[in-house]
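Just so you know, all these numbers are worked out from the coordinates, no wet-lab data involved. Because the structure is predicted, anything quoted here is derived from the model rather than measured. Every residue, glycine as well, gets a Cβ built from its backbone with ideal geometry; the counts of neighbours run over all protein chains shown.
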Amino acid sequence: MGVEIERKFLVCSNLWRSGPPGVAYRQGYLCRDKERTVRVRLAGSQAYLTIKGARSGLSRAEFEYAVPLADAELMLQMCLPPLIEKTRYLRAHGGFIWEIDEFHGDNAGLVVAEIELPSEDAPFDKPSWAGAEVSHDPRYFNSRLAEHPYSEWGGNR
């Protein structure tokens, strides 16, 4: 079984911007409830189907499979609206690869950094551009951002 152990932080500066260009992502959800999500994702010229289980702490079951791009395009049409659009940037820091997601569309203005860890208590060096941790705040889950976009949060950010 695949397990994802992830911590998520708001990005608080533009210091991460120097580096390789990002990849455009478009993703949608065939299922998005608190016990499971089934996601279709286009990442540049690649496509994936991902099934994630319920969270337990910072961990959850995760299964990801490459699918043909044409199939993923058709699956996206079956997804619950709206789709998530973002650009993902990869930045190395402290022996880990950080994924920085700059959201577009209804989630424009939100920039989040994620780090996947080998264990929930694994030590890591947080970069200066990583601000408040939001790992346990479900509003920042991509599946939740599809239902309740950042643009609708108003003063509750």
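Contact order for segment 45-113, expressed relative to its length and based on alpha carbon pairs under 8 Å spaced 6+ residues apart, stands at 20 percent.
Just add up the charged neighbours of residue 9: K/R +1, D/E -1, any other residue whose Cβ is under 9 Å from the Cβ of residue 9. Result for the neighbourhood of residue 9: +1.
Within the shell of other residues whose beta carbon sits under 9 angstrom from the beta carbon of residue 101, the net charge comes to -1, with Lys and Arg scored +1 and Asp and Glu -1. Considering only alpha-carbon pairs that sit under 8 angstrom and 6 or more positions apart, the relative contact order computed for the chain is 29 percent.
Coupling constants for segment 128-139 follow from the phi torsions by the Karplus curve (6.51 cos²θ - 1.76 cosθ + 1.60, θ = phi - 60°), and in residue order they are 5, 7, 8, x, 4, 7, 10, 4, 9, 9, x, 4 Hz; glycine and proline get x. Compute the long axis of helix 69-78 from its Cα atoms, compare it with the longest principal axis of the Cα atoms of the chain, and write down the angle in degrees, 0 to 90, nearest 10. Rounded to the nearest ten degrees, it is 80. At an R0 of 30 angstrom, the distance between the Cβ atoms of residue 133 and residue 73 translates into a FRET efficiency of 0.30. The modelled label-to-label distance between residue 85 and residue 61, using points 7 Å beyond Cα along the C-beta direction, is 3.4 nm. The Cβ shell under 12 Å around residue 89 holds other residues with a net charge of 0, Lys and Arg each +1, Asp and Glu each -1. Computed about its Cα centre, the charge dipole of segment 32-110 is approximately 280 debye, with only Lys, Arg, Asp and Glu carrying charge at their Cβ. Think of it as helices only: each DSSP H run of n ≥ 4 in the chain is worth -39500 (n - 2.57), and spread over all residues that comes to -2500 deg cm²/dmol at 222 nm. Which of 19, 53, 28 moves most in a GNM of the chain, Cα contacts under 10 Å? Looking only at 19, 53, 28, the largest GNM fluctuation is found for 19. Here the Karplus curve 6.51 cos²θ - 1.76 cosθ + 1.60, taken at θ = phi - 60°, turns the phi angles of segment 30-45 into couplings of 7, 8, 8, 10, 6, 8, 6, 9, 10, 10, 10, 9, 9, 10, x, 9 Hz, with x standing for Gly and Pro.
Close amide H contacts of residue 67 (hydrogens built in the peptide plane, cut-off under 5 Å, sequence separation of 5 or more or a different chain): 47, 48, 49. A simple charge model with +1 on the Cβ of Lys and Arg, -1 on the Cβ of Asp and Glu and nothing else charged puts the dipole of the chain at about 160 debye relative to its Cα centre.
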